[in-house]
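The values are calculated or read from the model by the stated rules, or taken from the named source; none is laboratory data. Note that the structure is a prediction, hence the values are computed from the model and not measured. Glycine also receives a Cβ, built like all others from the backbone with ideal geometry; neighbour counts cover every protein chain displayed.
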Amino acid sequence: MMKQVHSWVVGSLATLTILLVSVAPAHAVKVEKVVSPGGIEAWLVRDNSIPITAIEFSFRGGAAGDPKGKTGLASMVSSLLDEGAGDLDSQAFQDRLERLSIRMSFSAGLETFRGSFKTLNRNRDEAVSLLRLALNEPRFDAEAIERMRRQITAGLKRKSTDPNIVASRVWRRAVFGEHPYGRPIDGTLGSIADITADDLRGFVASRFARDKLIVGAVGDITAAELAHMLDRIFGDLPEKTPQPVPDNAKTAAEGETYVVQMDIPQSVVVFGQQGIRRDSPDYYAAYVMNYILGGGGFSSRLYTEVREKRGLAYSVYSYLNPMQRAALISGGVATRNDQVAQSIALIREEWGRMRETGPSAEEVADAKTYLNGSFPLRLSSTSNIARMLVAMQYHDLGIDYIDRRDDFINAVSLEDVKRVARRILDPKQLTVVVVGKPERVEPTADAPEIES
């Protein structure tokens, strides 16, 4: 959980990041594999122009592994790792981070537990010591636990009235049922209240292991220096720990429409169906297809039909979500209550039109040009590059992926996109959740209950 820091701290690192962007073109990135003496692997991009080091890391296995009844455990751990460690209580630990201009944060995703670390090189030795303490010797003091519990509880209460969050949670519950994918990452009021210090310690002991670790590093650091750092930070973690692996998720609802009544002037709509796995040979064809359908912002078909031609919504979008145990193509729109029915009908129509006739050759060419041209913007800072290095390892894309990515996009043909659209898109299977007071929208099933 990112903590507040003084503006001068943020400014100093932000300035250095801007300098890095200006001197390191994204496609000039050279990725180096580093293995520490203790056998810990990381991928490194060196840049000697500015004296900073950024590390991003993930442990495979996130909130989907939370025990039933203790949802939100991974998320609560992420909020507490930098709230005191070793002989430093919360205030001392946070003061040390602030004084040394160190950025350190943790977050729990559905399938990974992530960490982020950035430091000026002159403070790197002490920064490494603090990160090692956070991962190996978190205190989980009673005061910090209760303070974070209050913050999380307040956040959950706010989210219970947020139509966007309610729509997303109801959709996942409807589609995934009791599978871990159907549970909220940040837990419920009841589950957060039941989490103990022993639960938090048990999570760290059972989930932080070197065989689940993925590391990306960027900055003014040599391979030898990074290798030493890896052993200092992660070397004391257990080599392996048993970890629950969720079953493949089977969708519990296909093609249903659910309505959750909420007294708001504008309804929020979440829609989606089964998608395509990241390791599928057809993934890049689906990626291009989705850009044309709803992932391309102002240029997408959904935006053109719903927003530009009819002014029904400020934005409408779709995206691919290839998880480890399920794959989705999903999207959303928000519009006035009297325009919801028309908006949903248009989305289904465009879904079906893409399935039946596919895109034009010009649409495919334009999509490929944009997807290749915009990719360097995703590598515009040390932290972004480090996150990309982690993602490349997580999805097994290969150490030369940045150099080869354009080729994958360019290899997609018009016929590939048409074939994939026929394969995965089906407006009859589109599951829709509406939160608001929509007019002329008839639910086909009762919306599942979700806990606050």
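Between Arg378, Arg353, Arg387, which is in a helix (DSSP H, G or I), of a type in the set (Lys, Arg) and either surrounded by 20 or more Cβ atoms within 10 Å (Cβ to Cβ) or not assigned by TED's automatic domain parsing to the domain that holds Pro265 (or both)? Just one listed residue meets the conditions, Arg387.
Taking the residues in segment 91-133 that are among the aromatic types (Phe, Trp, Tyr) and under 26 Å from the mean Cα position of the chain (by Cα) as candidates, determine which candidate is surrounded by the most Cβ atoms within 10 Å (Cβ to Cβ). Among those residues, the one meeting the criterion is Phe113. Scanning segment 141-175 for residues being farther than 13 Å from Thr188 by Cβ, assigned to a helix (DSSP H, G or I) and not β-branched (Val, Ile, Thr) gives a total of 17. Of all residues in segment 228-243, those that are over 14 Å from Val215 (Cα atoms) have Cβ atoms under 7 Å from Cβ atoms of residues that are modelled with pLDDT under 95 and assigned to a loop (DSSP other than H, G, I, E, B), 6 or more apart or on another chain, in Gln243/Gly61.
Here Ile221 meets each of (1) touching a residue at least 40 places away in the same chain (Cβ under 8 Å); (2) under 24 Å from Val259 (Cβ atoms); (3) part of a loop (DSSP other than H, G, I, E, B) with one exception, condition (2).
The set of residues in segment 27-50 that are modelled with pLDDT of 95 or more, closer than 14 Å to Gly219 by Cα and small (Gly, Ala, Ser) contains only Ala42.
Is there any pair linking a residue in segment 339-362 that is among the small types (Gly, Ala, Ser) to one that is in a loop (DSSP other than H, G, I, E, B) and buried (at least 17 other Cβ atoms within 10 Å of the Cβ), with Cβ under 8 Å and at least six apart or on different chains, and which? Qualifying pairs under 8 Å: Ala341/Pro438; Ala341/Val441; Ser343/Leu312; Gly352/Leu425.
Counting only residues that are in contact with a strand residue (DSSP E or B) (Cβ under 7 Å, 6 or more places away or on another chain) and polar (S, T, N, Q), which one in segment 413-431 is surrounded by the most Cβ atoms within 10 Å (Cβ to Cβ)? Step through it out loud before you land on a result.
Let us first name the residues in segment 413-431 that are in contact with a strand residue (DSSP E or B) (Cβ under 7 Å, 6 or more places away or on another chain), namely 424, 426, 429-431.
Going one step further and asking which of them are polar (S, T, N, Q), we end up with 429, 431.
Working: Gln429: 16, Thr431: 24.
Among those that are in contact with a strand residue (DSSP E or B) (Cβ under 7 Å, 6 or more places away or on another chain) and polar (S, T, N, Q), it is Thr431.
Anything in segment 79-118 that is touching a strand residue (DSSP E or B) at 6+ places or on another chain (Cβ under 6 Å), assigned to a strand (DSSP E or B) and not aromatic (Phe, Trp, Tyr)? List them, or say none. Within segment 79-118, Ala85, Arg103, Met104, Ser105, Ser107, Thr112, Arg114, Gly115, Ser116, Lys118 qualify. The set of residues from segment 281-301 being surrounded by fewer than 16 Cβ atoms within 10 Å (Cβ to Cβ) and touching a strand residue (DSSP E or B) at 6+ places or on another chain (Cβ under 8 Å) comprises just one member, Gly297. In segment 402-429, the qualifying residues are those that are within 27 Å of the chain's Cα centre (by Cα) and of a type in the set (Lys, Arg), and the one that is farthest from Tyr258 (Cα to Cα) is Arg404. For Ser343, indicate whether it is under 28 Å from Ile409 (Cβ atoms) and among the polar types (S, T, N, Q). Against the criterion (under 28 Å from Ile409 (Cβ atoms) and among the polar types (S, T, N, Q)), Ser343 does not qualify.
The set of residues in segment 365-424 being within 18 Å of Gly296 (Cα to Cα) and aromatic (Phe, Trp, Tyr) consists of Tyr370, Phe375. Do the conditions hold for Gly177, that is, is it modelled with pLDDT under 95, surrounded by fewer than 21 Cβ atoms within 10 Å (Cβ to Cβ) and out of contact with any helix residue (DSSP H, G or I) (no Cβ under 9 Å at 6 or more places or on another chain)? For Gly177, the condition - modelled with pLDDT under 95, surrounded by fewer than 21 Cβ atoms within 10 Å (Cβ to Cβ) and out of contact with any helix residue (DSSP H, G or I) (no Cβ under 9 Å at 6 or more places or on another chain) - is met. Annotation: Glu178 fulfils all but one of (1) out of contact with any Pro (no Cβ under 8 Å at 6 or more places or on another chain); (2) touching a residue at least 40 places away in the same chain (Cβ under 8 Å); the unmet one is (2). Every condition in (1) over 24 Å from the mean Cα position of the chain (by Cα); (2) over 29 Å from Arg404 (Cβ atoms); (3) not assigned by TED's automatic domain parsing to the domain that holds Leu414 is met by Ala224 except one, and the failing one is (2).
Taking Arg139 as the residue in question, decide whether it is loosely packed, with under 15 Cβ neighbours inside 10 Å and closer than 30 Å to Leu88 by Cα. Don't jump to the end; show me each part of the working.
Working: loosely packed, with under 15 Cβ neighbours inside 10 Å: no; closer than 30 Å to Leu88 by Cα: yes.
Criteria not met by Arg139.
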